[in-house]
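Read the structure below first, then the notes.
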Amino acid sequence: MNIDQRPDLSLQQHLHLTTELKQGIAILRMSALELSEYARKCVEENPFFDDDDWVEPRHPLTPDRYVQDVSADALFEKRGHGSPETFDAERGDMSQRSFSFDRYLTEGETLDEFLLEQLRLQADSPHAMAIGEYLIGNIDGSGYLRTSVEQVASALGVPEQEVARVLSLVQQFEPTGVGARNLAECLELQLRKNGKFTPTLERLVKSHLAEFESRTPASIARDMGLSLAELNEALDVIRTCNPRPASQFGSPSRPIWPEVVVEACGNGEYEVSLQDFYLPHLKINPTYRAMASNVKERDAETYLKEKLKEAESLIDGINYRHSTLHKIACCIVQMQVEFFERGYDCLRPLTMVQVAEATGVSESTVSRIASGNYMQTPRGVFELRFFFHSSAYHAADRVVSSVSVKHRITELVAKEDSSNPLSDQALSEALAREGVSVSRRTVNKYREELGIPARAARRRS
């Protein structure tokens, strides 16, 4: 029952339970490093923890093993989960992103910070500063503006001309090309900045760039009145531009500590354990516990009892987080055992709803545990969220996930003839020959998510 539905609780009890609930949810959301830092701070501030807790050696925690008494196939078939339509219906906002170390190895300030610093130096009025901040807040991780001048003007109640003026200022910032609304504008900004925006390149970028997916370079050259050599020369200049100008920015890097360890035992079986030796072996100081029971002075009694409850809540929260993480990790390994055995092509579609049903925890708990926690496996290190993908495609003998499709697209592009790269349609047809039906539009979407340039940008004469 929600604690708001407990009329028998006093205000003080209500506030205490609310605080405990928030702390428990916060602990579930923490990564291994964040939990370590949080626990260290609590140990320093709470007298009920022994001072030497942090240096006491720990062995990896092995809570009661998750009882694997339900077959993976049965779980996947339950409520029609083997159906692509059901996966799409349940997808919601669950992550479709594959794990990439690049997201965690970027150092330095973020894109927003870098742009705002330039804005502070160049904005000519508080009014322009406010518009610029709104624009920067709508620039995505690749450097593109994901809103229109009209939408910004409407949201802020300012003239469109003023928004356009400030956008023009932002588009002059570094990295060159930032703030563009599409690829053509991004290339134009970079070519103008470099003094290379010739009339030929202007025609190519503004009128013909999108045609390379469906037409041959020779036919485009004829339409532009160029020789094939002249067109290739122009394309070489375009290739010097960065189609994702902000790709070098990101969140400040933090170490990745794989808390879950998966080891192969042979015969298709895997052992799941937790590495938690970085955490203190928290226990309550018996002297302070006795003091909290015997102290007579009211203020001191209130303080000690409050600190004791905080200490007990932290210990309970950490223990619950560990056992839940272990249970969810075991379930993931069981359901994705084919991936661990045979690789990306056998990564199955999996939703958080399925894992929640199998482990007996809520879907929101699965979501909190899956974000920011990592699993060290014989196939590499992965964020737990990596294993959740609800898009399903039928192959010849199995159902595969969007990650498997993306991985195969990457492999096909890596092996293509650089003088005649594969178009999105050709990639779609190649996948179809392998028994996986994926539309050209979906291939285009996955290619862009993978950061793979379009066919024209990959061509090398």
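Only the coordinates and a few stated rules stand behind these numbers; no lab work does. Predicted model only: the values in this text are computed from it and were never measured. Neighbour counts run over all protein chains shown; Cβ positions are idealised from the backbone, glycine included.
Odds and ends about this structure:
- The charge dipole of the range 392-458, taken about its Cα centre with unit charges on the Cβ atoms of Lys, Arg (+1), Asp and Glu (-1) only, comes to about 140 debye.
- Spin-label zone in the range 420-461 - amide nitrogen under 19 Å from a point set 7 Å from the Cα of Ser227 along the C-beta vector: 461
- Each residue of the range 305-312 is assigned a 3J(HN,Hα), and the resulting list reads 5, 5, 5, 5, 4, 4, 5, 5 Hz, derived from the Karplus form 6.51 cos²θ - 1.76 cosθ + 1.60 (θ = phi - 60°), x at Gly and Pro.
- Under 5 Å between amide hydrogens, built in the peptide plane, is the criterion, and for Leu350 it picks out His389, Ser390 among residues at least 5 positions away or on other chains.
- Packing order of peptides 367-377, 324-334, 416-426, 29-39, highest average first: 324-334, 367-377, 29-39, 416-426 (average count of other Cβ atoms within 10 Å over each peptide's residues).
- Value of D in µm² per second that Stokes-Einstein yields for the range 252-380, Kirkwood Rh from Cα pairs, at 4 °C (1.567 mPa s): 74 µm²/s
- Less than 5 angstrom separates the built amide H of Gly143 from those of Ala246, all sequence-distant by 5 or more or on a different chain.
- Using all pairs of distinct alpha-carbon atoms, the Kirkwood hydrodynamic radius of the range 107-252 works out to 16.5 angstrom.
- Equivalent-ellipsoid semi-axes of the range 392-458, from the Cα gyration tensor, Å, largest first: 20, 12, 10
- Positive-pole candidate from Gln171, Val152, Phe249, dipole of the range 107-252, charges at beta carbon: Gln171
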